[in-house]
Amino acid sequence: MGLLQEFKDRGMLAQITNEEAVKELFEKEKISFYIGFDPTADSLHIGHFIQMKIMAHMQRAGHRPVVIFGGGTAMIGDPSGKNDMRKMMTRETIQYNVDRFKEQMAKFIDISDGKALFVDNADWLLQLNYVDFIRDIGKHFNINRMLAAECYKARLEKGGLTFLEFNYMLMQSYDFYKLYKDYGVKMELGGDDQWSNIIGGVELIRKMTGDEVYGVTFNLLTNSEGKKMGKTEKGAVWLDAEKTSPYEFYQYWRNIGDADVIKCMKMLTFMPLEEIAEYEKLEGSDLNRAKEKLAYELTLIIHGKEEADKADAAAKALFGGNGNTENMPTTTLADADFTDGEIALLQMLVMSGIAKSRNDARTLVTQGSVSVGDEKITDLGKKVSKTDIGDGLIVRKGKKVYHKFILG
């Protein structure tokens, strides 16, 4: 099966600049391609993982990934998909985030013997002379066409776009031109929200060199209602175990909606499509087997077999009711947390991250969403004693979020 067909069958492919040419390119050549990652946080998240999986598919087929870490573009911020301007970051923060991205990316992409390249666009973008850049690059961009691009159009309709952000498309397009000239990169890949920026690069190279290069976009990870997946009450589903623990990561996928499990199997795992087709036949409660498989496969890819086995065992124990809590997220309470041997349940909910704030904790308790042990709690004044905690006390939010408290 060809790469394009594989991407189509997995429901991943969104748009492509010249499908016949790209198909022929994949069949006849081993090309260099690139995907960019702006370091807007200190960890990659599950949204990034789709692009990493695509790179892995491409690399396994013999093509060379060139990964751009946007140390330069992050100074501006991509307006695509954003209602407001991104928070400005210092160069020190951006560099720290770039370093974290490189560490995480190296676990998934083989960079030995030049099989992949990691580059930072700060190396060239921060050295540009603005007047020269606008004369040489800006002259190739039509303002009317740019304003019609979805990444800018949406922002203009919702209250405005800064001139700073307006430069982003030029800079990303210049990245493609730079990589084409220096490394022979013939294709840019990205999420479908990057289509306008990718087209900008394809057109810039055509205008400056007369050569044809290509762009391919992939569907974003959304649920059956069209909403972006990969968000929890604590924030994004991070790939960093310190930000989203392997157990929490596993639980997220174990608890996704029935309508989304097969889609996620196809888009996020390397499971053969024939095997996924067998899970697609399941209905009702039997779909839990598919969810367990999805959660295990993704945790295995991101965190390794040991952590995947631990998370799987803990989750099955809880769903099976035998109470094995060894690998459950845990908060240790110190003597200083107690007053006269007791601690308020609301305080415990906030300390553990089960609730975002004390107000959030009050709402959860009032709605009957919190259980201590096997008891549903609705008393806002509920206190928990050291004796109650003993060797470990389980607090549950709803049916799916479990947390263990122990004494330090």
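The values are calculated or read from the model by the stated rules, or taken from the named source; none is laboratory data. Keep in mind that what you see is a predicted model, and the values were worked out from it rather than measured. Virtual Cβ from ideal backbone geometry, glycine too; neighbours counted across all protein chains shown.
Of everything listed in (1) under 30 Å from residue 248 (Cβ atoms); (2) modelled with pLDDT under 95; (3) among the small types (Gly, Ala, Ser), the single unmet condition for residue 2 is (1).
Listed here are the helices (runs of 4 or more DSSP H) enclosed by the range 216-289 that have at least 1 residues being out of contact with any His (no Cβ under 9 Å at 6 or more places or on another chain) and of a type in the set (Asp, Glu): 246-254, 273-280.
Evaluate the following for residue 304: is it modelled with pLDDT of 90 or more, over 19 Å from residue 384 (Cα atoms) and not polar (S, T, N, Q)? In short, yes.
Residue-by-condition table, conditions (1) outside any loop (DSSP other than H, G, I, E, B); (2) surrounded by fewer than 18 Cβ atoms within 10 Å (Cβ to Cβ); (3) modelled with pLDDT under 85:
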| residue | (1), (2), (3) |
| --- | --- |
| 328 | no, no, yes |
| 361 | yes, no, no |
| 365 | yes, no, no |
| 380 | no, yes, no |
| 384 | yes, no, no |
| 387 | yes, yes, yes |
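Just one of the numbered conditions (1) surrounded by fewer than 16 Cβ atoms within 10 Å (Cβ to Cβ); (2) part of a helix (DSSP H, G or I) is not true of residue 195: (1). Of all the residues in the range 100-110, those that are of a type outside the set (Phe, Trp, Tyr) and surrounded by 15 or more Cβ atoms within 10 Å (Cβ to Cβ) number 5.
Here the condition is being out of contact with any Gly (no Cβ under 9 Å at 6 or more places or on another chain), modelled with pLDDT of 85 or more and buried (at least 19 other Cβ atoms within 10 Å of the Cβ); of 71, 62, it holds for 71 alone.
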